[in-house]
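For reference, the structure discussed in these notes is given below.
The values are calculated or read from the model by the stated rules, or taken from the named source; none is laboratory data. Bear in mind the structure is a predicted one, so any value in this text is a computation, not a measurement. Glycine also receives a Cβ, built like all others from the backbone with ideal geometry; neighbour counts cover every protein chain displayed. The protein model used for the area step is the full one, side chains on, heavy atoms only, and it has no ligands, DNA or RNA in it. Shrake-Rupley method; radii C 1.70, N 1.55, O 1.52, S 1.80 Å.
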Amino acid sequence: RWPEFPDVPTLGELGMQDRDELFKQVCRALVDHGGFKLVWIGWLQEGNHELTPLALAGNPTDYLEGIHVSVRDEPLGRGPSGTAFREGRTVVNNDTLGNVTLLPWHARAREHGLLASVAMPIREGGVVRGILTVYAGERGFFQDREVALLQEAALDTSFALDHLARERDRAAAEARAQGERSFSQMVLDSLPGIIYLIDETG
């Protein structure tokens, strides 16, 4: 449970069943209970070099339309999200319009009033697979308290992903075992009442 916001449910209480639903509920919880202006989770799809938004909550919801976030060390990859993914660490930006590194995003940020942001890596199986990025409408918003809250949220999300993976593996193992039991029973059910054992002499 995020300690600074006791009304935020734990990830277990969210009752998520899959990755995408988990991401949507995390974004909604941070906007509804954390008071952040915009929250999104991006994921690196196999064979791609840009983060794909899988969940988004807050206002404006159209901010990410036409936005490209690379995970490479290039101009579109040097913002908080790309850097957080590439370097596996939290990246805080408390003055979007004053940061020349964020020049590719200045126009959209100014238009939507997104003046500060912070991005944290999300891991699956210990490997960075995505990012959690949060925006505020005022410069200097993300101080130690807010950053600690969000780091815990990202860590909890990573733990939840690993839990979901374990559950998938367990369900698959149970399905295989059930299939083997069903096959064995089918073989037994199809045998005649008497089993003949015949050696090489007949």
Checklist entry - Given the structure, is residue 125 open to solvent by less than 40 Å² (accessible area, probe 1.4 Å) and closer than 25 Å to residue 29 by Cα? => result no
Checklist outcome for this item: The one condition residue 61 fails out of (1) exposed (fewer than 15 other Cβ atoms within 10 Å of the Cβ); (2) of a type in the set (Ser, Thr, Tyr); (3) under 20 Å from residue 161 (Cβ atoms) is (3)
Item to check | Hits in the range 29-52 - residues which are open to solvent by 40 Å² or more (accessible area, probe 1.4 Å) and under 18 Å from residue 112 (Cα atoms) | outcome: 35, 37
Checklist entry - Got a sec? Which of 154, 165, 107, 160 is at pLDDT 90 or above and surrounded by 12 or more Cβ atoms within 10 Å (Cβ to Cβ)? => result 154
Next on the checklist: Step by step: first the residues of the range 64-80, then only those that are part of a loop (DSSP other than H, G, I, E, B) and touching an Asp or Glu at 6+ places or on another chain (Cβ under 8 Å), then the one that is most open to solvent (accessible area, probe 1.4 Å). Which residue is that?
Outcome noted: 68
Checklist entry - Would you call residue 164 in a helix (DSSP H, G or I) and in contact (Cβ under 8 Å) with a residue 60 or more places away in the chain? => result yes
Checklist entry - What's the number of the condition residue 123 fails, among (1) closer than 25 Å to residue 45 by Cβ; (2) at pLDDT below 85; (3) basic (Lys, Arg)? => result (2)
Checklist entry - List pairs: first in the range 28-45 and touching a residue at least 60 places away in the same chain (Cβ under 8 Å), second among the polar types (S, T, N, Q) and surrounded by fewer than 21 Cβ atoms within 10 Å (Cβ to Cβ), Cβ under 9 Å, 6+ apart or cross-chain? => result 37/59; 38/59; 38/61; 42/52; 43/52; 44/52
Item to check | Complete set of residues in the range 83-103 that are surrounded by fewer than 17 Cβ atoms within 10 Å (Cβ to Cβ) and closer than 18 Å to residue 42 by Cα | outcome: 87, 88, 89
Next on the checklist: Here is a check on your reading of the model: is residue 128 touching a residue at least 40 places away in the same chain (Cβ under 8 Å), touching a strand residue (DSSP E or B) at 6+ places or on another chain (Cβ under 8 Å) and farther than 17 Å from residue 23 by Cα?
Outcome noted: no
